[in-house]
Amino acid sequence: MTVSVLGKAHQLFGAFDGSRTTLGLTDLSRRSGVPKATAYRLAQELVQLHLLERVTDGYQLGWRMFELGQLVPGPANLRRVARPALTDLHATIKAVIHLAVPHGLDTLYLERLAGRRDKRIHTAVGTRLPLWFTASGKLFLAHSADSEYALSVLERGDVTARTRRSLRSSAQLRAQLAMIRERRWAEEHEECLDGYKTYAVPITVGGPQQVSAAVSATVEVGRRDDQQIARTLWAAATEISRAL
């Protein structure tokens, strides 16, 4: 199937992610699958449109992309409504706070609040991580009709573990999802990042089973105030759900 010019531009944009925000032409071509000469020609035009920006080391997403992203109604409204509660949450429990939504088989982060000491937790806004490794993602799967498909992906072994404690089997995930459905919150211990654990609670719209987003707190595994963290998370999620 022939890919259109618009499709190739979309492939170029898709080459960028949270770990690679600047790409040289060779990497841009390799990661996108667009031939180098075509990638160069398209990139030059996208720079003129401010959808890409030319920098010393290659290309970055341009300011026009940021401006357009702020106009997407769903995420923009959710971030606007959630921001005050997330700010209070971060100030209260001194944790890395995330607002996330499901996106296919990924957890997509819409908001992040962290202090200067939290540099190891590289989850910038727009970062996507597999659902089964994140606390928010497990929460989404527990309330999703697509959970069986996610389980089948794990069953096939098409998953690269992030840490030594990342789950590796569908049986493990199935047990976790059953527990989440029963208690209505989720956790992960060093499945995403060594030395850290995360707790997540749902943001609901239209009923307790209509999970549209999640708010989570990530802390060092040595912290022992889990119950306080959970109570504060629930208060914030309830406030956001009511506002929505």
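General observations
- Where helices (runs of 4 or more DSSP H) fall entirely within segment 1-83, those with at least 3 residues that are closer than 21 Å to Arg128 by Cα are at 5-14, 25-32, 63-69.
- When residues of segment 61-120 are limited to those that are at pLDDT 90 or above and among the acidic types (Asp, Glu), the one farthest from Val153 (Cα to Cα): Asp88
- Segment 60-103: number of residues that are hydrophobic (A, V, I, L, M, F, W, C) and in contact with a helix residue (DSSP H, G or I) (Cβ under 6 Å, 6 or more places away or on another chain): 8
- Selected residue (only one of Thr87, Thr56 is within 29 Å of Glu239 (Cβ to Cβ) and either without any contact (Cβ under 8 Å) to a residue 60 or more places away in the chain or open to solvent by 60 Å² or more (accessible area, probe 1.4 Å) (or both)): Thr87
A quick yes/no check of all residues on (1) assigned to a helix (DSSP H, G or I); (2) touching a Cys at 6+ places or on another chain (Cβ under 6 Å); (3) surrounded by 13 or more Cβ atoms within 10 Å (Cβ to Cβ):
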site	(1), (2), (3)
Ser144	no, no, yes
Leu151	yes, no, yes
Thr163	no, no, yes
Leu167	no, no, yes
Gln172	yes, no, yes
Ala178	yes, no, no
Lys197	no, no, yes
Ala200	no, no, yes
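- Failed criterion for Arg231 (all others in (1) open to solvent by less than 50 Å² (accessible area, probe 1.4 Å); (2) outside any loop (DSSP other than H, G, I, E, B); (3) within 26 Å of Ala175 (Cβ to Cβ) hold): (1)
- Looking only at residues of segment 95-115 that are within 20 Å of Pro84 (Cα to Cα) and assigned to a loop (DSSP other than H, G, I, E, B), we find that the one that is least open to solvent (accessible area, probe 1.4 Å) is Ala95.
The values are calculated or read from the model by the stated rules, or taken from the named source; none is laboratory data. Every value quoted in this text rests on a predicted model; they were computed, and no experiment measured them. Here Cβ is always computed from backbone atoms with ideal geometry, including for glycine, and neighbour counts include all displayed protein chains. Note: areas computed on protein heavy atoms with side chains; ligands, DNA, RNA excluded. Shrake-Rupley method; radii C 1.70, N 1.55, O 1.52, S 1.80 Å.
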